[in-house]
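Here the structure comes first, spelled out in structure tokens, and everything after it is commentary.
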Amino acid sequence: MDKAIGQLRITVVKAQGLGRTTEINEGTVVCVQYYESRASTQALPKTSAEVEWNQELVLDIAKPFGMLEISIIGTKSNGRLGYVSIPIVTIGDLKEYPGDWYPLGAKESGDQVSGELMLGFQLEIASEDWAAAHKGAHAFLTGNLVPANRLLQQALNSAALKPYLSDLNKLHAFLFLENKQYEEAIVYAQASVDERADDAEAFYYLGLSYYNLNDHVSALKYFERGNQLDPKHPQLKYNKEMLTRQAATIEIGKLLDDAVKVFVKKETDSALSLVLRAQELNPVEETG
């Protein structure tokens, strides 16, 4: 594990609009920092009958990248009541209290969630070089491009950060993705992969970029590769399965169209063969 360069203090304030408020009384708030295939976790016990905590969690930060995931977990029988996923690079380096509201989302396709979570942050980075990279990224995301370019260039030129060139390229890819500049994102994500072929997050950014350029074949290829490298990545598996389903649906439609065409020509055997191939892609479940 890389040496910590700073700390992220998360104030979990309160939740509102939960669909199953009374079911959280014995639950927890679980906070996970994801970086590549590693994760560090802390849990905040729920001790009051109200959905309000006003308590602090502290995570060591190895680099100002990765994702912060905060889930509200109910009792054992109720499971997850919702989660928030936040790129750490989007968090400012100043105190943000009492906090902002973040909508709760579903992590699994079957989750039914509602409501939002109020969170406050304080990010403290001791390393001057990493602080420049983070401040530059934050300035870029808030539209302050002049200081952003200066700070990001400072980070790229830093001798101390030369071993982390792949990470800095990945940071640029993320920033261009956020700015909807997908071709530029591909350039930097590919540069990151060229530096480190085992970086699942860089493949994730490649997949997202190609997906937003409507190149779903390339997107699926990169999602699959990233998922092989990091099966626990919170988004790679979901996106891979989503695109796989979409591709199967398109192929099924083509097979059925072809089946109709050959059936009209009274080529019954060929039509049946095409229908069976379509069923293999999406088998009909038996009922009763």
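Coordinate-derived values only; no laboratory data. A quick note: this is a predicted structure, and the numbers were derived from the prediction, not measured.
Averaging 1/r over each pair of different alpha-carbon atoms in the range 108-207 and inverting the result gives 14.9 Å, the Kirkwood hydrodynamic radius. Within the range 168-222, the proportion of C-alpha pairs whose separation exceeds 17 Å stands at 23%.
Please compute the contact order of the range 82-209 in relative form: average sequence separation of alpha-carbon pairs under 8 Å and at least six residues apart, divided by the residue count, as a percent.
Details: 175 pairs, mean separation 21.4, N = 128.
Relative contact order here is 17 percent.
Cross-link check: pairs K170/K232; K107/K135; K14/K232; K221/K261 evaluated at a Cα-Cα cut-off of 23 Å; pairs beyond the cut-off: K107/K135; K14/K232; K221/K261. Its relative contact order, with pairs defined as Cα atoms under 8 Å and 6+ residues apart, puts the range 116-191 at 23 percent.
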